[in-house]
Structures are given as structure tokens and as C-alpha cells.
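Student: Quick one: structure below, then a few questions.
The values are calculated or read from the model by the stated rules, or taken from the named source; none is laboratory data. Note that the coordinates shown come from a computational prediction; the quantities given were computed from them, not determined experimentally. Glycine also receives a Cβ, built like all others from the backbone with ideal geometry; neighbour counts cover every protein chain displayed.
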Amino acid sequence: MDKKAELRYDGTCEFCNHSVNWLRRHDHRNRLSFEELPPDASCVTLSDTEGDWEASTAAFRALKHLGGLWSIVAQVLMIVPRPFRDAVYRMIARRRHLIAGSGGAQNTAE
């Protein structure tokens, strides 16, 4: 069995928890594992057999690991130059606590 890609995320963020729950529901091949980041971490990270990734690249590689149509979507989005992708990522990240509200979404255990 191949080693799972490990996605690390802000577990105190409702938007992040919603995103992780979505990934869990769509990870039919069980290719991803999830771990909460320490409180002082700055962005989502993903480690897989090809390396360590962060920000928009980590998010899109997580989609790629889902396979199927999501892999194609990820490859298309990766065409956008990283500086632009990461600028959008940072804009969303700065507002992530406002985007999903402050209702305290819980992540769903594996």
C-alpha cells in the first residue's frame, strides 16, 4: 500500500474544518490523512511521495489525490502561476474565520 498524503490544517478554523470534512467525504480511495497544525502555523501543508507543499499547491495536490474529475480540476488550476494562486490563497486565509462564520464546526474523525 502506498503511503498516504498527509494534509495539515488549522483545526481551530471552521472554514478549514469544512474543507477537511469535504475532502474526507470525497476521499473514496483513502489516500489522504489529516492532522491539525500547531496554533502558530501559517498555512495548510501537504506531504506526499513527491515532496512537501504549502498554500495553494497543498490544497490543489489534495484534490489531485482524490483522483477522477478532481485530479483533472487540480491539474487545470495548477496551470495558474503559483504567485497568483498563492495571492488568492492568502486573501482567503486572512478571511477564513469570517467566511464560514464562528459557529465552531467540528472535523469528522476518520
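Student: Of all residues in segment 7-23 being in contact with a helix residue (DSSP H, G or I) (Cβ under 6 Å, 6 or more places away or on another chain) and part of a strand (DSSP E or B), which is modelled with the highest pLDDT?
Tutor: Across segment 7-23, the extreme among qualifying residues is L7.
Student: Could you figure out which of (1) touching a Lys or Arg at 6+ places or on another chain (Cβ under 6 Å); (2) buried (at least 20 other Cβ atoms within 10 Å of the Cβ) isn't true of S33?
Tutor: Here S33 meets the rest and fails (2).
Student: Cβ-Cβ distance below 7 Å, separation of 6 or more or different chains: which pairs start in segment 17-38 with a residue that is of a type in the set (D, E, K, R) and end on one that is part of a helix (DSSP H, G or I)?
Tutor: Correct list of pairs: D27/L66; R31/H65.
Student: Now for a separate question. I need the full set of residues from segment 48-65 which are surrounded by 13 or more Cβ atoms within 10 Å (Cβ to Cβ) and either over 17 Å from C16 (Cβ atoms) or basic (K, R) (or both), in order please.
Tutor: D48, R61, K64, H65, listed by residue number.
Student: Among the residues of segment 1-17 satisfying the criterion of being surrounded by 14 or more Cβ atoms within 10 Å (Cβ to Cβ) and not hydrophobic (A, V, I, L, M, F, W, C), which is farthest from V44 (Cα to Cα)?
Tutor: Among those residues, the one meeting the criterion is K4.
Student: A follow-up question, please. Go through segment 24-110 and tell me which strands (runs of 3 or more DSSP E), entirely inside it, have 3 or more residues that are more than 20 Å from C13 (Cα to Cα), touching a Pro at 6+ places or on another chain (Cβ under 9 Å) and modelled with pLDDT under 95.
Tutor: So the answer is none; nothing clears 3.
Student: Same structure again: Looking at W70, W53 in this structure, which one is among the hydrophobic types (A, V, I, L, M, F, W, C) and free of Cβ contacts under 8 Å to residues at least 12 places away in the same chain?
Tutor: After ruling out the rest, the residue left standing is W53.
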